[in-house]
Every structure is written in structure tokens, then in C-alpha cells.
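Asker: Mind looking over this structure? Questions follow.
The values are calculated or read from the model by the stated rules, or taken from the named source; none is laboratory data. As the structure is a prediction and not an experimental result, all values here were calculated from the model. So basically every Cβ, Gly included, is an ideal-geometry build from the backbone, and we count neighbours across all protein chains shown.
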Amino acid sequence: MNWYDGKVSGVSDLWRNGAGCGTCYWVRCQIQNVCDANGVYLAVTDQGYGDRTDFVMSERAFKKMGLNEYAAQELKKYGTVDIVYERVPCTYTGNVVFHIQETSSNPGYFALVILHVNGIHDVTDVQMWQPESGYWKALNRNYGAVFDFPNPPSGEIRLRFKVSGMAEWVDPKIVIPSNWKPGASYVTQVQLK
């Protein structure tokens, strides 16, 4: 998957036990004649710790803070630089996507990540419909943005999720087919703002 054209970062304190995965930031460095005032827009994709840093950026993201290619190379020589940053709305194209983690195995274990959540929203909860009992059951936040459910029900999987800033559950308006496979992605019928 290509997140923000490779302009991504791991974060430390901004990770927030995984709720920070998928969030977006505007990051600018402060070195005169080297740093571009426009900075870089990036997506958080992992937890990472650096040398007294909030962000551990991909090379593409780090170089994007430079005024030009020469300045980007100079910036790399610094290694660690002072920055200012601000959380900004994510602007993914398309609808929210359910991505089944490669660690899943049908029928014994179901794990997913919810991708392309626009705006300034954190996915806070995911629930799976239990057809046998007629109620919703919470998935566990396994690690980062991964939610999992051991021994999911057979048949189609119906999910709903909650995001910060919205009181109601989000209905994705799709079901995951009973023959789901690890690594598969399912595009929902919703797009958040």
C-alpha cells in the first residue's frame, strides 16, 4: 500500500497506544536557507523512537522538508533537526477500506486495519455482529491500528466502527464475504470528512 506517496513516519508519544496510526501531520523544519516553509504532509504508519524526536520520518518525507534537492541533501547531513508540527485532516482519496491482516486465518482468527479514514479522526472501537446471539461484540485492539477477534463467526462478517469526534457508530454498508482471505481489502461505502 502506498501511504501518502511514501511520505510517512513512525512516532513516539503521538502513537497513543495505536490510536495515532493513520493520523496526518504537517511538519516543518526550522533551518534558514535549507528548510521549505511549506514543509511536508505525512501519515503516521508505525511507532518509532529516535534521538529525542517525535517523528522518525521516511527518507522521502524528511527530504521533502528541504527547499530543493540540494537543500534536501544538506538536511540529511543534520540527521536530527528541530521541527514544528500540527495535526491536520487526512485527505485520502476514495472510501474507508477494511484490510484483513496477513496474520489472519479463516476461520480461526480475524484481524483487520481500517484505512483511509479522512479528517481528524481516530478509530476508537470496532464491533462484529454475532448472528447466533443477536448482538454486537467488540474486537480487541491488538497492536497499533490492528483490531482482532479470535474464532469469528462462520459466514459473512458484518462490522461497525467508531471514530473520535463522532457520537454514532459508522455503518460501512458492506459485509466481508465468508470466503475472506488474509491480505484482502474491502472498500466500504462510506467516506469520512
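Asker: Working only within the range 53-73, note down all residues that are over 14 Å from GLY10 (Cβ atoms), in contact with a strand residue (DSSP E or B) (Cβ under 7 Å, 6 or more places away or on another chain), part of a helix (DSSP H, G or I) and touching a residue at least 24 places away in the same chain (Cβ under 8 Å).
Answerer: Listed by number, the list holds a single entry, LYS64.
Asker: Being surrounded by 14 or more Cβ atoms within 10 Å (Cβ to Cβ) and either farther than 19 Å from HIS99 by Cβ or touching a Gly at 6+ places or on another chain (Cβ under 9 Å) (or both) is the filter here; which residues of the range 144-154 pass it?
Answerer: Matches in the range 144-154: GLY144, ALA145, VAL146, PRO152, PRO153.
Asker: Still on this structure, please answer the following. For VAL84, are the conditions met, namely being at pLDDT 95 or above and assigned to a strand (DSSP E or B)?
Answerer: Against the criterion (at pLDDT 95 or above and assigned to a strand (DSSP E or B)), VAL84 qualifies.
Asker: Between ASN68, ASN106, ASN151, which is out of contact with any Leu (no Cβ under 9 Å at 6 or more places or on another chain), of a type in the set (S, T, N, Q) and at pLDDT 95 or above?
Answerer: ASN68
Asker: Looking only at residues in the range 133-161 that are closer than 16 Å to ASN17 by Cβ and free of Cβ contacts under 8 Å to residues at least 60 places away in the same chain, which one is farthest from the chain's Cα centre (by Cα)?
Answerer: Here the answer is ALA138.
Asker: Same structure, new question: Taking the range 134-170 only, how many residues are among the charged types (D, E, K, R), in a loop (DSSP other than H, G, I, E, B) and within 16 Å of THR124 (Cβ to Cβ)?
Answerer: The qualifying residues number 1.
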